[in-house]
Amino acid sequence: MAITSTKAIVVSSLRYSDSSLIVKLYTKQFGLVSYLVRGILKSKKGKLKAAYFQPLTLLNIITNYQEKKGLQTIREAQVTNVYSTLHSDIVKQSLVMFLSEVISSSIQEEESNDLLYDYLENSFLWLDSHDNISNFHLLFLLNLSKFLGFYPDSTNDRLQGFHLVEGVYTDQLHEKDVIKGKDFFQFKKLLGINFDTLETINFSKSERGDLLRMLIRYFELHLGGFRTPKSLEVLETVFSR
């Protein structure tokens, strides 16, 4: 057992008994880890507060880490960046629910990945500090695929379709799971941009919904355990107004 300090992002929390939580954190040092936080829902004097474990909260934790142990323990936790809007703005709250489900379903590795950790942290800080966010989740998903190993290969960009299974451009437009036409044109808008250039692209409500469903399908095809987020319907309702 080693007492270790690490940065961590809250993925989810689940009530366990009357007073405890099981929290899933994506840590910089150990990857995805589950922790049992005893008594946190009843004790008002402890070092750990239930509010620390809202989804996507950025923490620094001190943990008694034991390799191969199912549920780890947390000695101390501090919020490293207090969000201004992420947990109070109703639109962003729906995004938080959706993103936490996506992360929980797509990231399973119990090992460090500094680049992925930094991408998640920087993405959430950007989301917290910006207002024009209607396309954020689309670009977040697409760029997340880069860290998970299936970012689209756009080498043959003269071809007229994209094969969701193969992850490449194609002219075999009759095949299943190939996007083409208007869907393909909208999809290409997202490639190669970053969050700061999101304002340069526009999607109608229906285009945004179609793109989101397509990206979720892309994840399902490449990640065996990926499940369509339960919060998808809520998110689509928010962005269809």
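The residues in segment 145-161 that are farther than 20 Å from Ser112 by Cβ, out of contact with any Phe, Trp or Tyr (no Cβ under 6 Å at 6 or more places or on another chain) and hydrophobic (A, V, I, L, M, F, W, C) can be counted, and the count is 1.
Please determine, by comparing only the residues of segment 124-157 that are modelled with pLDDT of 95 or more and within 15 Å of His87 (Cα to Cα), which one is most open to solvent (accessible area, probe 1.4 Å). It comes out as Ser129. Scanning segment 28-59 for residues that are touching a residue at least 60 places away in the same chain (Cβ under 8 Å) and either among the β-branched types (Val, Ile, Thr) or open to solvent by 30 Å² or more (accessible area, probe 1.4 Å) (or both) yields Lys28, Gln29, Val33. Considering Lys176, Lys205, Lys182, the condition of being more than 26 Å from Ser105 (Cβ to Cβ) and basic (Lys, Arg) is satisfied by Lys182 alone. Restricting the search to strands (runs of 3 or more DSSP E) fully inside segment 1-91 and requiring at least 3 residues that are at pLDDT below 90, of a type in the set (Phe, Trp, Tyr) and closer than 21 Å to Gln108 by Cβ gives an empty result.
When segment 179-208 is filtered for residues that are in a loop (DSSP other than H, G, I, E, B) and surrounded by 17 or more Cβ atoms within 10 Å (Cβ to Cβ), only Phe203 remains.
Each row is one residue, and each column tells you yes or no for (1) touching an Asp or Glu at 6+ places or on another chain (Cβ under 8 Å); (2) on the phi > 0 side of the Ramachandran plot; (3) without any contact (Cβ under 8 Å) to a residue 12 or more places away in the chain.
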{"site": "Asn122", "(1), (2), (3)": "no, no, yes"}
{"site": "His137", "(1), (2), (3)": "no, no, no"}
{"site": "Asp157", "(1), (2), (3)": "no, no, no"}
{"site": "Gly161", "(1), (2), (3)": "yes, no, no"}
{"site": "Gln172", "(1), (2), (3)": "no, no, yes"}
{"site": "Asn202", "(1), (2), (3)": "no, no, yes"}
{"site": "Arg208", "(1), (2), (3)": "no, no, no"}
{"site": "Leu212", "(1), (2), (3)": "yes, no, no"}
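Across segment 66-88, the qualifying residues are those that are free of Cβ contacts under 8 Å to residues at least 60 places away in the same chain and open to solvent by 80 Å² or more (accessible area, probe 1.4 Å), and the one among them that is nearest to Leu48 (Cα to Cα) is Gln78.
Note on segment 222-237: residues that are surrounded by 16 or more Cβ atoms within 10 Å (Cβ to Cβ) and assigned to a helix (DSSP H, G or I) total 4. Within segment 223-235, residues that are under 12 Å from Leu141 (Cβ atoms) have Cβ atoms under 8 Å from residues that are among the polar types (S, T, N, Q) and surrounded by 15 or more Cβ atoms within 10 Å (Cβ to Cβ) in these pairs: Leu223/Ser105; Leu223/Ser106; Phe226/Ser105; Phe226/Ser106; Pro229/Ser105; Leu235/Ser94, counting only partners at least 6 apart in sequence or on another chain. You will find that of Leu95, Leu120, Leu41, the residue that is of a type in the set (A, V, I, L, M) and either more than 16 Å from the chain's Cα centre (by Cα) or more than 30 Å from Val238 (Cβ to Cβ) (or both) is Leu41 and no other.
The values are calculated or read from the model by the stated rules, or taken from the named source; none is laboratory data. These figures come from a predicted structure and were not determined experimentally. Because the Cβ atoms are built from the backbone with ideal geometry, glycine has one as well, and the counts that use them run over all protein chains shown. For accessibility, only protein heavy atoms count, side chains too; no ligands or nucleic acids. Shrake-Rupley method; radii C 1.70, N 1.55, O 1.52, S 1.80 Å.
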